[in-house]
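Following: one structure in structure tokens, then a few remarks.
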Amino acid sequence: MRRKSKVPSEEECLRILREEGVADNVIKHAIRVLGVAMELTNRIRLKGYDVDEKLVAAGALLHDIGRSVTHDVSHGVVGGRIIRRRQLDERLARIVERHVGGGISREEAEKLKLGFIDLIPETLEEKIVCYADKLVDGERRVEFEETLKYFAEKLGTEHPALKRLDELDAFFKKILK
């Protein structure tokens, strides 16, 4: 019989971050992302959507766990490996892997040497954590437009990541109106 995978509590997530050696500023960022993610979750539930609140909370807190190893674009994939090594819920590993930018297509992942995997958020929980992360810069809550401007300056205005970010923003504007 397969062992049931686990979604850790908020307290357990903070312990895991510390055990993995995640820097205090990254943990503070994750706590701020948790607040934004819970705000989004509550608003989305009021619209009649079913959201796994515990999964969103754990995903928000652990989304940057890969930054214990690297701060580059691979931190999501690295974080997914850490989640799997700890035998936590596979849905949590996918949240961690798919939060970078507005997600990373299979073609981009191959070019970036992240593997032959599609890293675009699919589930509502994956999208909530990804979006909440885009609304927080460090510990500061920001407007989505500020994040979009940052990515445009960093990647160029024609980069496909900007389209995915726009689509993510449009998704939430539609369901939250």
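Here are some notes:
- Search result, residues across region 90-110 that are within 14 Å of residue 161 (Cβ to Cβ) and buried (at least 24 other Cβ atoms within 10 Å of the Cβ): 98, 99, 100, 101, 102, 103, 104
- Long-range neighbours under 6 Å by Cβ, at least six apart or interchain, first residue surrounded by 16 or more Cβ atoms within 10 Å (Cβ to Cβ) within region 143-168, second not in a helix (DSSP H, G or I): 161/101; 161/102; 164/102; 164/103; 165/102; 168/102
- Of all the listed residues (172, 116), the sole one being touching a helix residue (DSSP H, G or I) at 6+ places or on another chain (Cβ under 9 Å), surrounded by fewer than 15 Cβ atoms within 10 Å (Cβ to Cβ) and either farther than 21 Å from residue 53 by Cα or in contact (Cβ under 8 Å) with a residue 60 or more places away in the chain (or both) is 116.
- Taken over region 61-92, the criterion of being aliphatic (A, V, I, L, M) and closer than 13 Å to residue 16 by Cβ is satisfied by 61, 62, 65, 82, 83, 88, 92.
- Within region 63-79, residues that are among the basic types (Lys, Arg) have Cβ atoms under 8 Å from residues that are at pLDDT 95 or above in these pairs: 67/22; 67/23; 67/26; 67/75; 67/79, counting only partners at least 6 apart in sequence or on another chain.
- Subset of region 11-59 (residues that are surrounded by fewer than 19 Cβ atoms within 10 Å (Cβ to Cβ), under 23 Å from residue 171 (Cβ atoms) and of a type in the set (Gly, Ala, Ser)): 35, 48
The values are calculated or read from the model by the stated rules, or taken from the named source; none is laboratory data. Because the structure is predicted, anything quoted here is derived from the model rather than measured. Cβ sites come from the backbone with ideal geometry, for glycine too, and all protein chains shown count toward neighbours.
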